[in-house]
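See structure below.
The values are calculated or read from the model by the stated rules, or taken from the named source; none is laboratory data. This is a predicted model, so every value here is computed, not measured. FYI the Cβ positions are ideal-geometry reconstructions off the backbone, even for glycines, and counts take in every protein chain you see. Note: areas computed on protein heavy atoms with side chains; ligands, DNA, RNA excluded. Shrake-Rupley method; radii C 1.70, N 1.55, O 1.52, S 1.80 Å.
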Amino acid sequence: MKRVADILKQKHSFLIVSHKNPDGDAVGSSLALYSMLKELNKEVYVENPTKPAYIYEFLDDYDAIEYPVSNAKDVEVVITVDSAELSRCGIDKDYVKDKIFINIDHHKTNPAFGDINIIEPKAAAVGCIIWDIFNLAGFEISKKTATYLYLSILTDTGSFRYSSTTPKTFYIASKLLETGIDAWWVASNVYESQRFEALKLLGEVLKTLQLHYGGKLAIEYVTQEMFKNTNTTADDTEGFVNFARSIKGVEVGVLLREDEPEKFKISIRSKGNVDVSNVAEAFGGGGHKNAAGGNIDLPLNKAIERIIEAFAFLTKDER
Ligand SMILES: [Mn+2]
């Protein structure tokens, strides 16, 4: 962390990249670095493989995020944030060869693909790690930068509900609030600015809910046809998987999302001690103990069968 703090101080040009379909942590931690480095009068760019979802449009620097990743910016330092896999952030190995390549993440499945790797699975959000680095560097955090860090922490802790939330998480949040940021403004933009069509889609998705293993596994899905009928896209499914997990007695909730015909992105959420990161890895993905994801390229019914099989361990009561 000290090395990274020194690099932020000493180097002059930076590129920040995070994973495709960036969530609040990816967007927030990218823009926090961007905004801090701008304030330090550095040359800095932010890139992402895909356009960030419209719910982040309220952020001052939303338009600074360029996409896709060009692998062409002439910079001294490249930093990936919240990216468990190099392939998910669109960075070319050849491109970073002659650069300082820093990987800042909190996914325990991260293979440490950078020259310098800060991987802290205990950090509630990458925003917390970045706050630590700024603090160590002695940087003053502006209201704007604090807003980005707060977004990162708010979203990755499920509004301070998940077990990753610690006294330190609240400490950092309180320090961010002391800069004068508007917590309600951030929360209302993220959680209470939904498109009408997205809620119509949610209605369709909830109709597909099914339970397995005596109510421990809940599965729901969204198909291309449902997107078409409700005039929605994958962006509109943010948070849908949480409804599957929210059912009493459910230990694992799964959302299958048909991004292309018979190609499903699967999102997995669990409660308590059930670790779903290994299952996600088996589906070519990864993530955290309680939140992970992967892919299945099969027709819907077959894909659901595969998911049910993968969670057969739920029949064993481990407590
Ligand atoms: Mn994260």
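Report note on the peptides 63-69, 46-52: ranked by the mean count of other C-beta atoms within 10 Å, highest first, their order is 46-52, 63-69. Taking S35, S174, S267 as the candidate residues, the one with maximal mean-square fluctuation in a Gaussian network model of the chain, Cα springs under 10 Å, is S174. Residue pairs exceeding 30 angstrom between C-alpha atoms, taken from K168/K289; K168/K216; K11/K289: K168/K216; K11/K289. Contact order normalised by length for region 2-191, with contacts defined as Cα pairs under 8 Å and 6 or more residues apart; what percent is it? Normalised by residue count, the contact order of region 2-191 is 23 percent.
Only helices enter this figure: runs of n ≥ 4 DSSP H residues, each worth -39500 (n - 2.57), summed and divided by the residues of the chain, yield -10500 deg cm²/dmol at 222 nm to the nearest 500.
Accessible area per residue for the chain is 46 Å², calculated with a 1.4 Å probe on protein heavy atoms, without ligands, DNA or RNA.
With contacts defined as alpha carbon pairs under 8 Å and 6 or more residues apart, what's the relative contact order of the chain in percent?
13 percent
In percent, rounded to a whole number, the relative contact order of region 1-90 is 40, using alpha-carbon pairs under 8 Å and six or more apart. For region 187-266, the square roots a ≥ b ≥ c of the C-alpha gyration tensor eigenvalues yield an a/c of 1.5 or more together with a/b not exceeding b/c, which makes the shape oblate. For a test of the definition: using alpha carbon positions, the gyration tensor, and the 1.5 limit on a/c, classify the chain as rounded, prolate or oblate. Note, shape of the chain comes out prolate. Loop-located trypsin sites (Lys or Arg not before Pro) in region 78-126 (DSSP state other than H, G, I, E, B) with a sparse environment of at most 13 neighbouring Cβ atoms within 10 Å: K97, K122.
For the chain, with all protein chains present and a 1.4 Å probe, just round the carbon and sulfur fraction of the accessible area to a whole percent.
Working: 7220 of 14620 Å².
The nonpolar share, carbon plus sulfur, comes to 49 percent.
Summarised in one figure, the compactness ratio Rg/Rh of region 2-191, Cα atoms and Kirkwood Rh, is 0.93. The alpha carbons of region 84-127 give a radius of gyration and a Dmax of 10.7, 32 Å, in that order.
Extending 7 Å from Cα along the Cβ direction at H12 and again at K143 yields two label points whose distance is 3.3 nm.
Determine the shape class of region 37-139: with a ≥ b ≥ c the square roots of the Cα gyration tensor eigenvalues, call it rounded for a/c under 1.5, and otherwise prolate if a/b is greater than b/c, oblate otherwise. Judged from the Cα gyration tensor, region 37-139 comes out rounded (a/c under 1.5).
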